[in-house]
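Once you've had a glance at the structure underneath, I'll fire off some questions.
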Amino acid sequence: MSAMMQPQIILLKEGTDTSQGKAQLVSNINACMAVADVVRTTLGPRGMDKLIHDDKGNTTISNDGATIMKLLDIIHPAAKILVDIAKSQDSEVGDGTTTVVLLAGEFLKEAKPFVEEGVHPQNLIRSYRTASNMAIEKVKGLAVSIEGKSLEEKKSLLAKCAATTLSSKLIGGEKEFFASMVVDAVLAIGTDDRLNMIGIKKVPGGTMRDSFLVNGVAFKKTFSYAGFEQQPKKFVNPKILLLNIELELKSEKENAEIRLSDPAHYQSIVDAEWNIIYDKLDKCVKSGVKVVLSRLAIGDLATQYFADRDIFCAGRVSEEDLQRVAAAAGGTVQTTVNNVIDEVLGSCEIFEEKQVGNERFNIFSGCPSGKTATIVLRGGADQFIEEAERSLHDAIMIVRRAVKNSTVVPGGGAIDMEISRFLRHHARTIQGKSQLFINSYAKALEIIPRQLCDNAGFDATDVLNKLRQKHALPSGEGAPYGVDINTGGIADSFANFVWEPAVVKINAINAATEAACLILSVDETVKNPKSESAHGDAAASAMGGGRGRGRGRGMRRR
């Protein structure tokens, strides 16, 4: 009797929701599989696009895994991990964002039956980590170096890598055109790591083929005052002055009060203000410059003054564009016009203002430092140009990675099939349960070629059987064979120039395995009440007998 009258022990705050045990883990796996299913159809050259409409009314059309994951606004705590790995893949290597989400989802899908049968998650995690390390070593073993080639050869190899990335994008139809443009842009910035040294400017109108690359800096014509049209619009070998000051008449900032005993003195104060601005303009002209750019406003007086002296000026230039001009032309941004010496001035071979579509662009080409490039994108709809920009960003990242880590692996699912075969073979040499787990990991890797076939409308089972047979050849000659998207059969990916940097695959396998292991290691979720205001509602629902809330009990352990 006394045992029945013992008070209940309440550990957690009223309204706390806990769920734990096997059912909780299976629920997390299901959530991650649902997320993977969203991006599944976007993989590969025949991948479909997603149209995402947000609460602000903006429409985005994309098949970039990371972009879709960011816009989905996922609130499930376990599924958010997949969003994070897609973002990390995007920032680390730029491409393979859909691959990494698909792999993580497939690893969990293969682990699900084991979890339901009562296998301890830690056994799965241990085997997955072992398989991951072996897979990465195998990728490194299969990678082919492109080091030591001539510049022309290297350019064509890098263009192949860029074309492989672009083939799955909206601009895949013009992949050769854009691939060579991307390679030229990346090689133009040399060893400079800053991605913002490659500018991408979007101009609606025209066709994709009207896009062009400027070996230097191009930016849209800034807001201008009267007198601007009288300025010259083309210079050869001009000196360029970069400023971070306003060149216009300024009224007193501090509401200064001046008391005059003689009205005749008033004119001298007005003249002083004019003398200050004229003094600044004179110093700019005396320095011998022909182009003046400023981050702040250049007023109507200054614009007309420069026009009378055949000098081009542009005010309110964005910080990013100004920094890129400084890097390319070799100048330094000045905060004063006193003591302007030749060392702080930039120069370029040709400066001109050019009409591109409805916009006018200021273009600096033939810069001495040459550490920057600008791609001017043309196209029909705004959404199309936005997606083209995202696609080029991926291609630029991939080429940068290929320049640094100069090893490539065959694409088209070839490397995944080869790792899968290798792991299956290794699993047979292992005693105990981990043989099954490594086998399931190997099976999960086949999702890449399988999904490539599904998205292209081919019979995945038929193609995968052909690939398994080819990869199983004892001579090893079948290792580079992957899915041939054009014919629906199999082909040598190396011979067809379907290449990707090894670092993309290594990063994807690493991140996907880490995410899968992290989700498998979670066995309890505790959801705290949102706030004091929501506390009353939570308590009320708990009082209504809702799933043991507030008592830390939750799901029964099995």
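Can you give the calculated 222 nm mean residue ellipticity of the chain, where each DSSP H run of n ≥ 4 adds -39,500 (n - 2.57) and the sum is split over every residue, rounded to the nearest 500 deg cm²/dmol? Provide the component values of the computation, followed by the final result.
On the way: 17 runs with 257 residues, N = 558.
Taken over the chain, the calculation gives -15000 deg cm²/dmol.
Another one. Under a crude label model (7 Å from the Cα following the beta-carbon direction), how far is E153 from V270 in nanometres?
Rounded to a tenth, the inter-label distance reads 7.6 nm.
Checking the table K50/K371; K290/K404; K466/K505; K87/K112 against a 31 Å threshold on Cα-Cα, which pairs fail?
Numbers: K50/K371 36 Å; K290/K404 39 Å; K466/K505 23 Å; K87/K112 25 Å.
In this structure, K50/K371; K290/K404 exceed 31 Å between Cα atoms.
Still on this structure, please answer the following. Using only the alpha-carbon atoms, how far is helix 447-456 inclined from the longest principal axis of the chain? Give it as 0 to 90 degrees, nearest 10.
70
Taking every DSSP beta bridge that has both residues in the chain, what percent is antiparallel when rounded to the nearest 5? Could you put the intermediate results ahead of the total?
Working: 38 of 54 bridges.
Percentage antiparallel, nearest 5: 70.
Roughly how many Å is it from the Cα centre of the range 176-190 to that of the range 208-225, as a whole number?
Rounded to whole Å, the Cα centres lie 17 Å apart.
If I ignore ligands, DNA and RNA and count only protein heavy atoms, how much of M397 is accessible to a 1.4 Å probe, in Å² to the nearest 10?
Roll a 1.4 Å probe over it and M397 shows about 10 Å².
Using the Cα centre as the reference, give the magnitude of the dipole from point charges on the C-beta atoms of the range 351-409 (Lys, Arg: +1; Asp, Glu: -1; all else neutral), rounded to the nearest 20 debye. List each step's numbers first, then the result.
On the way: 8 positive and 8 negative charges, 82 e Å.
Taking the Cα centre of the range 351-409 as origin, the dipole is about 400 debye.
Here's another thing I want to ask about it. Give me the number: length gained by fully extending K443 to I258, i.e. 0.36 nm times residue separation minus the C-alpha to C-alpha distance, one decimal in nm.
Working: separation 185, 0.36 × 185 = 66.60 nm, distance 8.44 nm.
Additional length available on full extension: 58.2 nm.
Sort 222-230, 481-489 by the packing proxy (mean of other Cβ within 10 Å over each peptide's residues), most packed first. Present the calculation step by step, with values, prior to reporting the outcome.
Working: 222-230: 14.7, 481-489: 19.6.
Those peptides, ordered most packed to least, come out 481-489, 222-230.
Something else about it: Calculate the dipole size of the chain relative to its Cα centre from +1 charges on Lys and Arg beta carbons and -1 charges on Asp and Glu beta carbons; express the result in debye to the nearest 20.
Details: 68 positive and 69 negative charges, 471 e Å.
With only Lys, Arg, Asp and Glu charged at Cβ, the dipole is about 2260 debye.
For the chain, report the translational diffusion coefficient in µm²/s to the nearest whole number, using Stokes-Einstein at 37 °C, 0.692 mPa s, and a Kirkwood Rh over Cα pairs.
Details: Rh = 27.8 Å.
Translational D for this selection: 118 µm²/s.
If we sort 457-470, 103-116 on the protection proxy, mean other Cβ atoms within 10 Å, highest first, what's the order?
Averaged packing, sorted descending, gives the order 103-116, 457-470.
The range 119-169 to the range 283-357: how many Å between their Cα centroids?
46
The values are calculated or read from the model by the stated rules, or taken from the named source; none is laboratory data. Note that the coordinates shown come from a computational prediction; the quantities given were computed from them, not determined experimentally. Glycine also receives a Cβ, built like all others from the backbone with ideal geometry; neighbour counts cover every protein chain displayed. Calculation scope for accessible area: heavy atoms of the full protein, side chains included, ligands and nucleic acids excluded. Shrake-Rupley method; radii C 1.70, N 1.55, O 1.52, S 1.80 Å.
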